[in-house]
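Working notes, beginning with the structure itself.
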Amino acid sequence: MAKSHLRIGIFPGTFDPVTSGHLDVINRGRKLFDRLIVAVGHNPDKTEVFPVAERLAMIRSLVRHFPNTSVEAYEGLTVDLVKRRHAIAILRGLRNMTDLEYEFQIALTNRAVAGVETVFIMTGEQFGFTSSSLIKQVVGLGGDPEQFASLLPRVVIDKLKHYKERRLGAFQFAPKDHLKS
């Protein structure tokens, strides 16, 4: 297929950390496009644990076996990235009705102001109850990253443990010891 006719999708997010739910959406979403770009961005409303370079490295290692998937960082508006990459749509994963309401509003705005379509994929049911933010909160308050083994890739668990033990990034103010009963 000629390069100008490729159906390119953009899956944007902070991916801090990338979860098995994200990977589920990437795996299923990549089948809808000739090429899927996982776009790692910055959200000023979120406290980040991992620097962008580490997030890129983790995601690249986890999707390297998907031949039509690439990973890149971006700044600014997602719709501007969509236009620069000549993508046909933004891919978003939905976990619940709260996600739907939030994502629906953004999708309508993106279509109205930039002419950009959004494709939604429901996350696997085993990933529908958690988020990167919730995982960061639990670990930051003293939780063991190992308890998320069914929700996080091993590389992410290991990085979370490393950051927590060394009190790096968002974990600099994490409690030092678990409460004992």
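The values are calculated or read from the model by the stated rules, or taken from the named source; none is laboratory data. Keep in mind the model is a prediction, meaning the values are calculated, not measured. Neighbour counts run over all protein chains shown; Cβ positions are idealised from the backbone, glycine included. Ligands, DNA and RNA are stripped out before the accessible areas are found, and what is left, the full protein with its side chains, is counted by its heavy atoms. Shrake-Rupley method; radii C 1.70, N 1.55, O 1.52, S 1.80 Å.
Summary table
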{"item": "Restricting segment 134-160 to residues that are within 17 Å of S61 (Cβ to Cβ) and either without any contact (Cβ under 8 Å) to a residue 60 or more places away in the chain or in a loop (DSSP other than H, G, I, E, B) (or both), the residue that is most open to solvent (accessible area, probe 1.4 Å)", "result": "R154"}
{"item": "Complete set of residues in segment 7-35 that are among the hydrophobic types (A, V, I, L, M, F, W, C) and either closer than 26 Å to A149 by Cα or without any contact (Cβ under 8 Å) to a residue 40 or more places away in the chain (or both)", "result": "F11, F15, V18, L23, V25, I26"}
{"item": "Verdict on E125 being open to solvent by 70 Å² or more (accessible area, probe 1.4 Å) and modelled with pLDDT under 95", "result": "yes"}
{"item": "Residues located in segment 129-181, provided they are at pLDDT below 90, in contact with a Gly (Cβ under 9 Å, 6 or more places away or on another chain) and closer than 18 Å to T14 by Cα", "result": "T130, A170, F171"}
{"item": "Condition broken by M58, with the remaining ones in (1) farther than 17 Å from S133 by Cα; (2) out of contact with any Lys or Arg (no Cβ under 8 Å at 6 or more places or on another chain); (3) modelled with pLDDT of 95 or more satisfied", "result": "(2)"}
